[in-house]
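To keep things clear, I will list the structure first and then write my remarks on it.
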Amino acid sequence: MKSALILLFCVVSFCSNAQFEKRYVDYGLLRFQGNLAFGAPLTRSATNMYFAGDVDYYLKGNVSVNGGIFYFVNEYGGQDVFKQNHSLFAGFSYHFPTNNHLDPYVGIQPGVSLSRLNSESLLFIDVVAMSSFEASINPLFSVHAGMNFFANKYFNVFVNVKYQRGKHFSDIPAQSIEELKITLGLGYMLWARKGYCKFRKPEVD
Amino acid sequence: MKKVILIACSVLLSLFAIGQEAEKIKKDKPAEVGQFQLGMRSTVSLFDHQAYPGLGFGGQFRVRPSKHLNTEWYLDYIKTDISGLGQRETAHIGWSVMFYPFNAEVKKGSFTPYIIGGHCFDYAKVSSNMYVDPITFSVAQNSVKRWSTAVQMGLGANFYVSDKVDLSFSGQYMSHIGNELHVNVLNHHGEEVAHDDNGQENYLVVNEEVSKVLEGHLLLTLSINMRIADFTK
């Protein structure tokens with residue numbers, strides 16, 4: 001978590017030196033990414049790793065609609081509570097106006113998780129004979145904040161922090177899936193407006 | 001023959017007049033009429049008769065027949081943790097009418113409060129967790145499900161973050177017209193205890209009872225809606 005915050009600070013410091021006269025972000029921008037993400041469960045000590053991907057389409061008025069997926073890879077440093085802990089989100093972001101290639105934003109995304117407890121976890125040693133450890137679909141609510149830096153017409157660097165709230169339900173007591181997820185890395189983009197789909201930003205609105 | 005020509009002329013004139021009127025209505029039509037929105041929602045269910053909060057997700061679409069009137073068609077899926085001893089799954093599929101008594105303008109920065117009311121079909125399933133039956137000493141689980149209908153009413157507001165996207169928050173009280181799913185918490189002797197009793201071997205027994213009162217709960221919904229079409233254009 002600390003290293004992610006340091007990296008975020010570095011990205012912001014780096015980007016703040018790159019001042020441009022005109023805002024790069026505009027409607028019709030389609031941004032997408034596929035990276036590794038890390039999650040810190042808030043009710044127990046562990047680190048989750050995910051393959052994460054999302055798509056963001058910018059509309060007029062500093063708003064974008066977006067969707068994302070987190071595919072659970074593994075849990076480290078904990079009690080291996082989950083065998084599956086995937087999640088899917090869809091929502092919107094508000095992008096704060098800037099005069100450069102930076103793009104800070106906040107947003108809301110309702111979502112669902114597909115989760116399954118790990119019957120081999122020591123946490124369930126007392127109930128292992130009682131549960132069928134079936135996978136279940138569970139509602140999630142999330143808010144997120146982040147920053148994109150559009151480096152050139154193909155690539156952007158980003159960091160996204162997401163807080164999610166929800167519970168995994170099965171036939172034994174519900175387990176919290178409240179978590180802070182951090183994704184950062186390289187993203188890609190193109191411009192998709194009516195009759196226009198290119199990497200280059202359209203010059204005329 | 002003259003009669004036929006006269007009738008034909010009068011029909012043509014009427015059609016022309018209707019056409020003119022329709023054109024005038026189309027020109028005067030507020031921009032909000034005919035808008036079609038698609039959205040996602042998160043719902044929190046509070047204050048049911050056992051007072052356990054639930055979290056849900058879902059989606060909706062909205063079709064707006066007039067400037068001050070909107071309709072919402074929605075689907076919700078809510079899960080509620082019952083004291084760590086079981087769960088309630090609820091699905092709502094229904095519609096609501098939204099009436100905007102004050103500001104009804106659709107543009108960036110608009111705040112449009114509304115009165116909302118409607119009807120839904122409701123599916124509910126309450127399941128206990130696995131437990132050891134104190135009589136048979138075998139592992140058991142019980143669950144009951146039912147369909148019912150419900151009516152809901154409340155207040156809400158849209159905030160337009162852009163000309164196309166709004167953020168809506170509403171609070172509605174939903175009353176179910178149907179049997180009640182009742183849960184009892186029992187201890188390891190099979191005796192009923194309070195719901196907040198934290199006994200290690202407590203378990204849940206679920207049954208369906210003919211309701212003497214209207215079972216209800218408060219639904220707080222936060223939704224994001226995007227205009228994707230205009231039926232009148």
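The values are calculated or read from the model by the stated rules, or taken from the named source; none is laboratory data. What you see is a predicted model, and the numbers here were worked out from it, not measured in a lab. Don't worry about glycine lacking a Cβ; one is built from the backbone with ideal geometry, like all the others, and counts go over all protein chains shown. Accessible surface areas use protein heavy atoms only, side chains included; no ligands, DNA or RNA. Shrake-Rupley method; radii C 1.70, N 1.55, O 1.52, S 1.80 Å.
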For segment B:40-82, residues shielded by at least 40 square angstrom of accessible area compared with the chain on its own, probe 1.4 Å: B:Met40, B:Ser42, B:Leu55, B:Phe57, B:Lys79, B:Asp81
Angle between chain B longest axis and helix B:2-28 axis [Cα atoms, degrees, rounded to 10]: 60
Chain A: most fluctuating residue of A:Lys60, A:Lys181, A:Lys153 per GNM, C-alpha cutoff 10 Å: A:Lys60
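Count the net charge of all other residues whose Cβ sits under 15 Å from the Cβ of A:Glu75, scoring Lys and Arg as +1 and Asp and Glu as -1.
Values: positive: A:Arg44, A:Lys83, A:Arg116, A:Lys181; negative: A:Asp80, A:Glu120, A:Glu178, A:Glu179.
So the surrounding residues net to 0.
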Estimated distance in nm for a label pair at B:Lys108 and A:Arg44, the labels positioned 7 Å out from Cα along Cα-to-Cβ: 4.6
Segment A:133-148 residues near the modelled A:Arg165 label - backbone nitrogen below 14 Å, point 7 Å along Cα→Cβ: A:139-144
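Given R₀ = 60 Å, FRET efficiency for B:Val210-A:Phe96 by Cβ-Cβ distance, to 0.05? Don't jump to the answer; show the numbers that get you there.
Working: r = 56 Å, r/R0 = 0.93.
Calculated value: 0.60.
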Solvent-accessible heavy-atom area per residue, rounded to whole Å², over the protein assembly as shown at 1.4 Å: 50
Acute angle (nearest 10 degrees) that the helix A:2-16 long axis makes with the longest principal axis of chain A, alpha-carbon atoms: 10
Choice from A:Glu120, A:Glu178, A:Glu75 with maximal GNM fluctuation in chain A (Cα, 10 Å cutoff): A:Glu120
Segment B:172-233-segment A:80-116 distance, computed between alpha-carbon centres (Å): 29
For chain B, built as a Gaussian network whose Cα springs stay under 10 Å, the top-fluctuating residue of B:Asp196, B:Asp76, B:Asp163: B:Asp196
Accessible area of segment B:32-230 belonging to carbon and sulfur atoms, whole % at 1.4 Å probe: 64
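Assuming 1.567 mPa s and 4 °C, estimate D for chain A with Stokes-Einstein, Rh taken as the Kirkwood radius over Cα pairs, in µm²/s. Can you show the working numbers first?
Values: Rh = 18.2 Å.
Diffusion coefficient, whole number: 71 µm²/s.
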Accessible surface buried upon B-A contact (total; probe 1.4 Å; Å², nearest 100): 2200
In order through segment B:120-127: 3J(HN,Hα) via Karplus (6.51 cos²θ - 1.76 cosθ + 1.60), integer Hz, x for Gly, Pro: 8, 9, 10, 10, 9, 9, 10, 10
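Counting only GluC sites (Glu not before Pro) that sit in a DSSP loop (anything but H, G, I, E, B) with at most 13 other Cβ atoms within 10 Å, what is the longest stretch of chain B containing none of them? Don't skip to the end; give the middle numbers.
Numbers: sites that count: B:Glu191, B:Glu201.
Within chain B, the longest run free of exposed GluC sites (Glu not before Pro) spans B:1-190.
Assign one of three labels to the protein assembly as shown, namely rounded, prolate or oblate, based on the Cα gyration tensor with a ≥ b ≥ c the square roots of its eigenvalues; rounded applies when a/c is under 1.5, prolate when it is not and a/b is larger than b/c, and oblate otherwise. Intermediate results must be reported in sequence, preceding the final value.
On the way: a/c = 2.81, a/b = 1.23, b/c = 2.30.
Because a/c hits 1.5 or more and a/b fails to exceed b/c, the protein assembly as shown counts as oblate.
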Estimated 222 nm signal from helices in the protein assembly as shown, with DSSP H stretches of n ≥ 4 weighted -39500 (n - 2.57), rounded to 500: -3500 deg cm²/dmol
Across A:Lys194/B:Lys79; A:Lys22/B:Lys29; A:Lys60/B:Lys233; B:Lys67/B:Lys145, pairs whose alpha-carbon gap is larger than 29 Å: A:Lys194/B:Lys79; A:Lys22/B:Lys29; B:Lys67/B:Lys145
Members of segment B:116-137 that become less accessible by 10 Å² or more once partner protein chains are added (1.4 angstrom probe, chain alone as reference): B:Asn129, B:Met130, B:Val132
Residues in segment A:63-88 occluded by at least 20 Å² - accessible area, probe radius 1.4 Å, against chain by itself: A:Val63, A:Val65
In Hz, Karplus ³J(HN,Hα) per residue of segment B:84-95 (6.51, -1.76, 1.60; θ = phi - 60°; x = Gly, Pro): x, 10, x, 8, 10, 10, 10, 10, 10, 10, x, 9
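All other residues with a Cβ under 15 Å from the Cβ of B:Leu167 taken together, and with Lys, Arg as +1 and Asp, Glu as -1, what is their net charge?
+3
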